[in-house]
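Take a look at the structure below.
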Amino acid sequence: MTRGAEIAARNLGFDMLSLSYALEEPWCDRVKAAGIDAMNVTFGGEESWDAFRRSVDQKMEIIARSHLLTLALTSEDIEEARVAGKLAVIMGTQGAHILDDRPERVAELAGMGLRVLGIVGSFSNLLCDGSAEPRNAGLTLLGREVINAVNKTPVLIDIAHCGHRASAEIIEAGRAVICSHANAFAVEPTDRNRHDRDVQAMVAKGGMIGLCALPRAIAAEGPSLAHLLDHADHWKRLVGAEHVGLGLDLMEGFRAAKQANPALIRRRTLRPDIFGTMEDFWNDDLAHGINSIAQLPDLLDGLLARGWSEVEVRGVLGGNWLRVFRALSG
């Protein structure tokens, strides 16, 4: 067993971006076996409020009948789940379009058990522009109403898919802002990644960022674990290791099932420069060395090899997200 594997086995792991397949067997067992004890499982493809509510009910049913999963609303829930050998599920979204023009629905989201609200997907909605929109518009007035509504709840605001201008404005207006899964624009200049100034501003208000295994967010050509470690080193130099975590966004379950939802197809059709093509997705769109949750210990070993201390690596694995979740959500 490598040192990274030992750290993963003995300490809390927290992935702030997992996809819905991770709720199903055998994937949830594989996530737990890799060293993850808590994961933010996101909604993304629902096109209406009613469809979203049905999706929540379906996922809650999966959690209720699982031998392994348990819903987490607080940091205490996460810690109790780990002690019990369970995998804690935090519910989140990758787009607030489901709210339509009704900010009051934010309170309903919190009541349903959601704790992370991604404001926008890759493109635009009624609130702001996403990172794939070339015009880079900021928050709309409705968007500001929604941010104000979220500020009154324990829900975290996630800017991972927001455009650069919207990100800056949300950080300024939001109470509890995080970036669940993105890398450094300074290392790989794609609009899917985050600017230094925005991450610094977010960290100053108590937020942090999750390292993302999306291939084009790692490197435009030949993405690999080594490139992802470059992003980690950049964030450590910029804001400190204590503000870096995991937001891997791994798609291995969808690939294995040969599934591609309409949102994924649209992203790759309109912005292949950011997301890759559909041909890439089916054939060769993987970051070498970090394309499966089973490779998490390799990521930790890579950090250690680059001079990160064991305390810092434990933080990246999960301690940092747990601290921020406790401080901002409860």
Query raised in the report: Quick one: would you say Leu264 is without any contact (Cβ under 8 Å) to a residue 60 or more places away in the chain and closer than 20 Å to Ala182 by Cβ?
Result: yes
Query raised in the report: Looking at segment 144-173, which of its residues are over 14 Å from Gln200 (Cα atoms) and surrounded by 21 or more Cβ atoms within 10 Å (Cβ to Cβ)?
Result: Val146, Ile147, Val150, Val155, Leu156, Ile157, Asp158, Ala160, His161, Cys162, Gly163, Ala166
Report summary line: If you go through Ile178, Ile147, the only one that is hydrophobic (A, V, I, L, M, F, W, C) and either touching a Ser or Thr at 6+ places or on another chain (Cβ under 8 Å) or closer than 30 Å to Leu300 by Cα (or both) is Ile178
Query - Members of segment 70-125 found to be surrounded by 24 or more Cβ atoms within 10 Å (Cβ to Cβ) and farther than 25 Å from Val146 by Cα, listed by number - result: Ile78, Leu87, Ala88
Report summary line: If we keep only residues of segment 200-229 that are within 19 Å of the chain's Cα centre (by Cα) and of a type in the set (D, E, K, R), then the residue nearest to Phe185 (Cα to Cα) is Arg216
Query raised in the report: Can you name the number of the only condition in (1) of a type outside the set (A, V, I, L, M, F, W, C); (2) part of a helix (DSSP H, G or I); (3) surrounded by fewer than 19 Cβ atoms within 10 Å (Cβ to Cβ); (4) in contact (Cβ under 8 Å) with a residue 12 or more places away in the chain that Glu312 fails?
Result: (3)
Requested in this report: Kindly indicate whether any position in segment 224-243 is closer than 27 Å to Met91 by Cα, without any contact (Cβ under 8 Å) to a residue 40 or more places away in the chain, of a type outside the set (Phe, Trp, Tyr) and assigned to a helix (DSSP H, G or I).
Outcome: no
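Quick one: is Ile78 touching a residue at least 60 places away in the same chain (Cβ under 8 Å) and not small (Gly, Ala, Ser)?
When the stated conditions are applied, Ile78 passes them.
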Query raised in the report: Can you tell me which of Asp298, Asp285, Asp273 is touching a Ser or Thr at 6+ places or on another chain (Cβ under 9 Å), modelled with pLDDT under 95 and in a helix (DSSP H, G or I)?
Result: Asp273
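The values are calculated or read from the model by the stated rules, or taken from the named source; none is laboratory data. Only a predicted model underlies this, so the values are computations on that prediction, with no experimental measurement involved. Glycine gets a Cβ as well: all are built from the backbone with ideal geometry, and neighbour counts include every protein chain shown.
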